[in-house]
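Worksheet for the structure shown next.
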Amino acid sequence: MSSQITPLFPVSGTDTAKVQGIPVSTVDPINGQVLVYKSATLQYEPAVATTGVNEITLGTDSVGLVAEVSTFTFLGDPEIWDELYFTIGVPTGQAYVWFNRDGNNDDPAPAGFVRGIQIEPGDVPYGSAAANRTIYANTMVATFGNDSDLSATRSGDVVTITSRASGARTNITLGNLTGSDASVAVVTEGGGTAGTLGSVVLKSGNANADVSIKNIDGNIRFEKSSGNVVLGNSAGTVALTSDLPTLGTGVATALAINVGTAGAFVVNGGALGTPSSGTVTNLTGTASININGTVGATTAATGAFTTITSSSATDATTNTTTGAVVLSGGLAVAKSVSIGPSTGVQLRFIGGNSGTQFETWTAQTGTGLALRVFHGFQVVRATNQNSTLLDVFDNTTSNATTPYLRVRNSNGDFFQVGALGNISLTKTITATGTTGAQTINKTSGSVNFAAAASSLVVTNSFCTVNSVILLTVGTNDTTMRSAIAVAAAGSFTIYPTNAPTAETRVYFTITN
């Protein structure tokens, strides 16, 4: 028997070396190189080993899955449990396990379960409760032994039921059994539990080689020559060195916030964001700037307003005596406006034949007022005076019917105080001859009781269960001298202490 060994490298310049029939390059390898197959040249060539040496691949298999384990303990006599059941979880939902002594009973078929499991001992001798528990426990173990989802073992009256597959399950319950019949418990909850990964040590067999941790997107390389940790990916590399500075307080947090969002760093050419405070020393640009605060609080070094425009015509003149500027006819607030020192007045509206209409003062003068409104004022919701919300009148007649203060809307007055202290509220007075229940959506008014009436209901949108209702009997009836009001939501009921002998008026006032 003879054999021929083909040398790995050429014996002479005319020989051709092969490995498994594939040619080997005639280039001599140098220290640290290995032969690598190159598909471009269809031969083995010397090259530095870059992959496939000292590599460890970590898998992604799930760990820590646990099967559910439960116990069912027989307590009573199962011979009398026909059509009773307990429930237990299976992979597709929840099953019910029901008892049928000799197969002559109907399946209870409760709703909401994926299937039923029958425990049928068959036609066997039955004796004491303890003996019957043994028969049923053995039958249950045998039944679950043939079940695709559950298995069981027995220890005395306790049957341990285990899910055949791992994962979360619906917990066991007694179903329509009672606590005197049996008891159930979960020994081990099914599901996934967090696995603990051990440390992984990466070490190159070549003392001069780098060590890399790779994934599908890039790698992390520990460079021996520089001592750096290099993050490599398709976008380039980032080197982490020992020269990195220590980050100040809050810097790492700010770096994680998007530019232009509150709390982020301001970058050159990026969004300024909305600073809550700070001193501006130099701003340039053509965009408009909204300033909330005092403009001109200090003397500006440079800068000027180049153009001021108005949306309507203005007529400005200078009061050379006081140094103030008067704008007349250009502002819709009055016929004329004066701004400037005039015996303590800072702002004055002048118009009509009555002279000054409104003044504001910065300091107390002989009048002692900081704000003065001549000839009364109104707070108006619309141009129509009938929609006035609040009136304060200039009362020169000392007439009690001319109000100093009035609150009203288009439907009339709500509240009014006259010059002599007269107070008026909105009210509806029910006409004489109209008796019985009424709807009055005002805070005061009157109703009329018919003779012998024992109660009267007033529907009122202002009334609540907590309203205070004051009543006054307004007719000198011989029997009805007082009444009681019971408040409810949206109405109240008046009860006379004695039924009236004739039509009797009752006044009411609601306070909320």
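Numbers for the structure displayed
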item: Theoretical gain in end-to-end length, Thr246 to Ser455 [0.36 nm per residue, Cα-Cα removed]; result: 66.8 nm
item: Long-range HN-HN contacts of Ala182 with modeled amide H, under 5 Å; result: Leu75, Gly76
item: Accessible surface ranking that places the most exposed of Ser455, Ser155 first, with a 1.4 angstrom probe; result: Ser155, Ser455
item: Which of Glu503, Glu79, Glu189, Glu68 is most accessible, then next, and so on - probe 1.4 Å; result: Glu189, Glu503, Glu79, Glu68
item: Cut-off under 5 Å, modelled amide H: who pairs with Thr443 long-range; result: Thr426
item: Per DSSP, loop trypsin sites (Lys or Arg not before Pro) in region 135-170 with at most 14 further Cβ within 10 Å; result: Arg164
item: Residue order for Ser166, Ser444 - accessible surface, 1.4 angstrom probe, largest first; result: Ser166, Ser444
item: Full-stretch length increase - Val141, Ala165 - with 0.36 nm per residue and alpha-carbon distance subtracted; result: 6.9 nm
item: Residue-level accessible surface for Ile135, protein heavy atoms, 1.4 Å, Å²; result: 40
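The values are calculated or read from the model by the stated rules, or taken from the named source; none is laboratory data. Just so we're clear, the structure is a prediction, and the values are computed from it rather than from any experiment. Glycine also receives a Cβ, built like all others from the backbone with ideal geometry; neighbour counts cover every protein chain displayed. Keep in mind that these areas ignore ligands, DNA and RNA; they rest on the heavy atoms of the full protein, side chains included. Shrake-Rupley method; radii C 1.70, N 1.55, O 1.52, S 1.80 Å.
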